Amino acid sequence: METMPLPASVYDIDLDWLEGAIRAGGRDVEVLSAKRLDVIHTTCTKARFELSYDREAGLPARMILKGAFEDHSERLKDMYQSEARFYGQIAPEVPLNCPRSFWAGIDPGGWRAAVLMEDLNERNVTFCRAQEPFGFDHVRQRLEQLAALHASTWNSPKFADTGPWSWIEPRFGAFTGGYNDYYLEPARWNSYMELPRGLAVSRQLHDRDWMASALARIGELEAQDPFCLIHGDTHPGNLYIDADGTPAFLDTALSRSAWWVEIHYHIIASLDIADRRRWERALLGHYLDRLEAEGGPRIHFDDAWQRYRQGIAYGLFIFLINETTFQTEATNTTYTARFGTAALDHDTIGALA
């Protein structure tokens with residue numbers, strides 16, 4: 001991963017900076033023109049550029065610079081840096097379909113991070129959304145990719161203190177603990193329970209003290225189970241489908257974690273409630289079969305099912321407190337309805353007791 005200084009504002013990214021980044025990423029070209037087409041401000045900043053080059057080098061005519069240029073970015077710097085490292089160091093090594101990147105890095109003198117990647121609109125991909133739940137085969141195909149990712153990194157020595165992935169934190173590490181505590185502050189928590197997302201969930205699941213103890217228990221379970229690399233945020237809003245129908249993944253929130261932290265989250269977030277009730281056991285079984293086939297361990301279904309039930313509190317928490325800077329209230333409510341219903345269906349309170 002090559003370093004490049006990053007300005008504080010995305011509007012200061014110009015032709016010279018883009019040429020330097022592309023060269024740092026290993027393409028020896030001259031950028032002849034660079035036109036900024038638009039800028040989108042969400043969890044991160046996304047600036048789209050139209051480029052021309054002095055030679056054919058397999059580079060697209062449009063690229064997106066995605067990075068930490070928002071007012072809230074410093075608070076989420078670990079997330080941005082993790083994504084930059086994913087594209088710069090890990091994506092070429094793991095079996096996960098994701099966008100091509102042409103530079104990824106962290107400002108050598110500060111905390112900002114960014115990725116220069118292809119503009120997926122140029123490939124006619126379909127971006128997924130919460131309001132359009134997936135079918136059985138779609139989720140099955142995604143679970144196959146996640147099983148391959150998990151199996152290929154299962155208890156990997158790369159996570160060791162001296163390994164190249166030592167920087168990847170557990171999902172329930174110090175950062176997550178601070179994040180959880182912030183949103184569990186009583187007045188803040190109660191304010192979310194009064195929003196549509198909270199009202200879509202049984203009052204039985206509004207108990208702040210229970211949620212705090214549930215997250216602590218899930219952290220204990222994560223720490224005692226085998227670990228692997230997880231994408232970390234596989235709800236539909238972070239996913240897309242290639243023009244040929246192949247599922248693909250965006251917006252990683254990498255963690256060293258237990259497989260079930262990822263799998264319960266993806267299945268429940270992606271399916272309509274009625275479909276999830278019909279399909280989740282078969283989908284979980286398919287994931288376990290593929291995990292073993294890809295070189296991972298054999299996990300007994302009953303043990304996996306227990307972890308699946310327990311993990312639901314985590315997915316529910318994420319969308320109960322997710323800020324509207326990141327997802328609309330309608331989207332957060334869609335997800336809390338799915339996770340809240342699953343928590344009742346599977347007696348997650350009892351499973352974590």
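Worth pointing out:
- Matching option when the condition is touching a helix residue (DSSP H, G or I) at 6+ places or on another chain (Cβ under 9 Å) and touching a residue at least 40 places away in the same chain (Cβ under 8 Å), among LEU32, LEU59: LEU59
- Set ARG277, ARG309, ARG298, ARG281: member being out of contact with any strand residue (DSSP E or B) (no Cβ under 6 Å at 6 or more places or on another chain), crowded, with 18+ Cβ neighbours inside 10 Å and among the basic types (Lys, Arg): ARG309
- Region 133-164 - residue that is of a type in the set (S, T, N, Q) and not in a helix (DSSP H, G or I) and, of those, nearest to GLU222 (Cα to Cα): ASN155
- Pairs are defined by a Cβ separation below 8 Å, a sequence spacing of at least 6 or placement on different chains, a first member in region 293-319 that is in a helix (DSSP H, G or I), and a second member that is of a type in the set (D, E, K, R) and modelled with pLDDT of 95 or more; the pairs so defined are TRP305/ARG281; ARG307/ASP225; TYR308/GLU280; ARG309/ASP347; GLN310/ARG217; PHE319/ARG197.
- A count restricted to region 122-165 and to residues that are of a type in the set (Gly, Ala, Ser) and surrounded by fewer than 17 Cβ atoms within 10 Å (Cβ to Cβ) stands at 4.
- None of ALA148, ALA130 is over 30 Å from PRO297 (Cα atoms) and either of a type in the set (Gly, Ala, Ser) or outside the structural domain of GLU19 (by TED's automatic domain parsing) (or both) except ALA130.
- THR126, sole failed condition from (1) polar (S, T, N, Q); (2) within 20 Å of the chain's Cα centre (by Cα); (3) under 21 Å from THR333 (Cβ atoms): (3)
Matching residues to (1) of a type in the set (A, V, I, L, M); (2) in contact with a Ser or Thr (Cβ under 6 Å, 6 or more places away or on another chain):
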{"position": "ILE230", "(1), (2)": "yes, yes"}
{"position": "ALA282", "(1), (2)": "yes, no"}
{"position": "HIS286", "(1), (2)": "no, no"}
{"position": "TRP305", "(1), (2)": "no, no"}
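- Some residue of region 137-148 being closer than 15 Å to GLY285 by Cα and touching a strand residue (DSSP E or B) at 6+ places or on another chain (Cβ under 6 Å): yes
- Taken together, GLU70, GLU83 contain a single residue that is crowded, with 23+ Cβ neighbours inside 10 Å, charged (D, E, K, R) and closer than 25 Å to GLY232 by Cβ, which is GLU83.
- Screening TYR192 with (1) touching a Leu at 6+ places or on another chain (Cβ under 7 Å); (2) at pLDDT below 95; (3) among the hydroxyl-bearing types (Ser, Thr, Tyr) gives one miss only, at (2).
Per-residue answers, yes or no, for (1) farther than 12 Å from LEU116 by Cβ; (2) at pLDDT below 95; (3) under 25 Å from the mean Cα position of the chain (by Cα):
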| site | (1), (2), (3) |
| --- | --- |
| THR3 | yes, yes, yes |
| ASP12 | yes, no, no |
| LEU15 | yes, no, no |
| LEU18 | no, no, no |
| ALA21 | no, no, yes |
| ASP28 | yes, yes, no |
| LYS35 | yes, no, no |
| VAL39 | yes, no, yes |
| CYS44 | yes, yes, yes |
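- Qualifying positions in region 202-226 - closer than 18 Å to ALA187 by Cβ and either touching a residue at least 60 places away in the same chain (Cβ under 8 Å) or not charged (D, E, K, R) (or both): HIS206, TRP210, MET211, ALA212
- Residues in region 92-108 that are under 17 Å from the mean Cα position of the chain (by Cα) and surrounded by fewer than 18 Cβ atoms within 10 Å (Cβ to Cβ): VAL94, PRO95, ASN97, ARG100.
The values are calculated or read from the model by the stated rules, or taken from the named source; none is laboratory data. Since the structure is predicted, the reported quantities are computational estimates derived from the model, not experimental observations. Note that each Cβ is placed from the backbone with ideal geometry, even for glycine, and that neighbours are counted across all protein chains shown.
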